[in-house]
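Engineer: I'd like to ask you about the structure that follows.
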Amino acid sequence: MKQIKIIVSVFLALWQSEELTTQNVTFYNINKSWKDAVHHCELQGGVLESNVTLLREQDEIQNSDEGVWIGKFRTLTNWTCIRGCYLINENFQHFQLELSNSVELQCQMLCNEFKFYSIKGEDCFCIEDINSFVRSKNCTCVGCYKVWEHRLPDFGTTDRKDRCIAENGCDSGNLRRSYENCNYNFYVTCDNDAELGYSYKNYQDAAEECERQGSFIKWYSDSLCDSKGTQPKKWTSGTRHDETFVIRKAYVTEILKPDSCFVLINTWKEEENNCKKERFFFL
């Protein structure tokens, strides 16, 4: 099919600004899967359009029975763990986040090439090493940053119901960790050494209590295996989450693993759909 590009100039308010600017939107009547459409837009130096207010102005959607892809998807995030709260006085690669319930995923994607990342309000910091930082038992201290580690090693088999990581005994002096359903009642210790034991019926309830104390569920090191006696199965700070997410230009898109992708249909509604289906799109 011959590629047709239709350039439409519209006036939009800048994000978080009242100043006006002109934005160009390009329509592609090329059938592509969602990921192929994302990749195509990236090669053109842009991003798969997700501004629904803008797209509703375009006649091409009204004439489409199938709708068009938009740069929005639902995903199960990669595994991360909270490694600690640290006093950080250095300068790092820094990004400003769009405040939403997906700030952790945003920062994770922006810092894909780094082992650690930190979030403070709408600020994301990418960190390669944390060994020189001063660690604090209290995450609410002035100048403290909560630091996540991602790109974790594989801890065994998992299925979609497994969203939390547990410490599961020792093997030749090394901790065994396993993926578990977060609804289980395992032993909990907060990073501030508060022993919650089995007082909370699931991971989320225990995590909220640690958070209330200015802490988080502990991430254990192999030194735990030096302790004598049998250790109970314990929750750690390792988790993953379901997120609905909008692509921005700065994100590393080749790592995306969407479970479902969003379509804008000709009744102006957004619908989730199979990402492998081929549709038209806007850049």
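The values are calculated or read from the model by the stated rules, or taken from the named source; none is laboratory data. Here the structure is a predicted model, which means the values were calculated and not measured. Here the Cβ positions follow ideal geometry from the backbone for every residue, glycine too, while neighbour counts run over all protein chains shown. Note: accessible area is taken over every heavy atom of the protein model, side chains too, but ligands, DNA and RNA are not part of it. Shrake-Rupley method; radii C 1.70, N 1.55, O 1.52, S 1.80 Å.
Engineer: Quick check: is even one residue across the range 259-270 under 24 Å from the mean Cα position of the chain (by Cα), closer than 30 Å to G143 by Cβ, surrounded by 15 or more Cβ atoms within 10 Å (Cβ to Cβ) and touching a residue at least 24 places away in the same chain (Cβ under 8 Å)?
Structural biologist: The answer is no, given that none of the residues of the range 259-270 is under 24 Å from the mean Cα position of the chain (by Cα), closer than 30 Å to G143 by Cβ, surrounded by 15 or more Cβ atoms within 10 Å (Cβ to Cβ) and touching a residue at least 24 places away in the same chain (Cβ under 8 Å).
Engineer: Tally the residues that are open to solvent by 40 Å² or more (accessible area, probe 1.4 Å), under 21 Å from the mean Cα position of the chain (by Cα) and in contact (Cβ under 8 Å) with a residue 40 or more places away in the chain, restricting the search to the range 156-186.
Structural biologist: Counting residues in the range 156-186 that are open to solvent by 40 Å² or more (accessible area, probe 1.4 Å), under 21 Å from the mean Cα position of the chain (by Cα) and in contact (Cβ under 8 Å) with a residue 40 or more places away in the chain gives 2.
Engineer: Going by the conditions given, is E195 open to solvent by 50 Å² or more (accessible area, probe 1.4 Å), more than 27 Å from N112 (Cβ to Cβ) and in contact with a strand residue (DSSP E or B) (Cβ under 7 Å, 6 or more places away or on another chain)?
Structural biologist: Considered against the rule, which asks whether it is open to solvent by 50 Å² or more (accessible area, probe 1.4 Å), more than 27 Å from N112 (Cβ to Cβ) and in contact with a strand residue (DSSP E or B) (Cβ under 7 Å, 6 or more places away or on another chain), E195 comes out as yes.
Engineer: What are the pairs with Cβ atoms under 6 angstrom where one residue, in the range 102-121, is among the aromatic types (F, W, Y) and the other, located anywhere, is open to solvent by 10 Å² or more (accessible area, probe 1.4 Å) and not in a strand (DSSP E or B)? Sequence gap at least six, or different chains.
Structural biologist: F114/E128; F116/I130
Engineer: Across the range 126-176, what is the total count of residues that are under 30 Å from E90 (Cβ atoms) and of a type outside the set (G, A, S)?
Structural biologist: Of the residues in that region, 27 qualify.
Engineer: Please work out if K233 is closer than 29 Å to E211 by Cβ, of a type in the set (D, E, K, R), within 13 Å of the chain's Cα centre (by Cα) and open to solvent by 20 Å² or more (accessible area, probe 1.4 Å).
Structural biologist: no
Engineer: Give the residue, chosen from V47, V38, that is within 20 Å of I247 (Cα to Cα), open to solvent by less than 70 Å² (accessible area, probe 1.4 Å), outside any helix (DSSP H, G or I) and of a type in the set (V, I, T).
Structural biologist: Exactly one residue qualifies, and that residue is V47.
Engineer: Is it the case that some residue within the range 247-257 is small (G, A, S) and part of a strand (DSSP E or B)?
Structural biologist: No, the range 247-257 has no match at all.
Engineer: Given the conditions (1) open to solvent by 10 Å² or more (accessible area, probe 1.4 Å); (2) part of a loop (DSSP other than H, G, I, E, B); (3) more than 30 Å from D193 (Cα to Cα), which single one is not true for D129?
Structural biologist: Status for D129: all satisfied but (3).
Engineer: All but one of (1) in contact with a strand residue (DSSP E or B) (Cβ under 8 Å, 6 or more places away or on another chain); (2) closer than 22 Å to S118 by Cα hold for P153; state the number of the condition that does not hold.
Structural biologist: Unmet for P153, out of (1) in contact with a strand residue (DSSP E or B) (Cβ under 8 Å, 6 or more places away or on another chain); (2) closer than 22 Å to S118 by Cα: (1).
Engineer: Within the range 179-192, can you find the residues that are in a loop (DSSP other than H, G, I, E, B) and either at pLDDT below 95 or under 20 Å from E149 (Cβ atoms) (or both)?
Structural biologist: Initial filter on the range 179-192 (in a loop (DSSP other than H, G, I, E, B)): 182-186, 191-192.
Residues satisfying the conditions are C182, D191, N192.
Engineer: Identify all residues within the range 226-242 that are in a strand (DSSP E or B) and either farther than 30 Å from G71 by Cβ or modelled with pLDDT under 90 (or both); write none if there are none. Reasoning before the result, please.
Structural biologist: Step one: of the range 226-242, the residues in a strand (DSSP E or B) are 234-239, 242.
Matches in the range 226-242: K234, W235, T236, S237.
Engineer: Now a separate question. Name the residues in the range 198-227 that are closer than 18 Å to N168 by Cβ and exposed (fewer than 14 other Cβ atoms within 10 Å of the Cβ), would you?
Structural biologist: Answer for the range 198-227, where residues must be closer than 18 Å to N168 by Cβ and exposed (fewer than 14 other Cβ atoms within 10 Å of the Cβ): Y198, S221, D222, S223, D226, S227.
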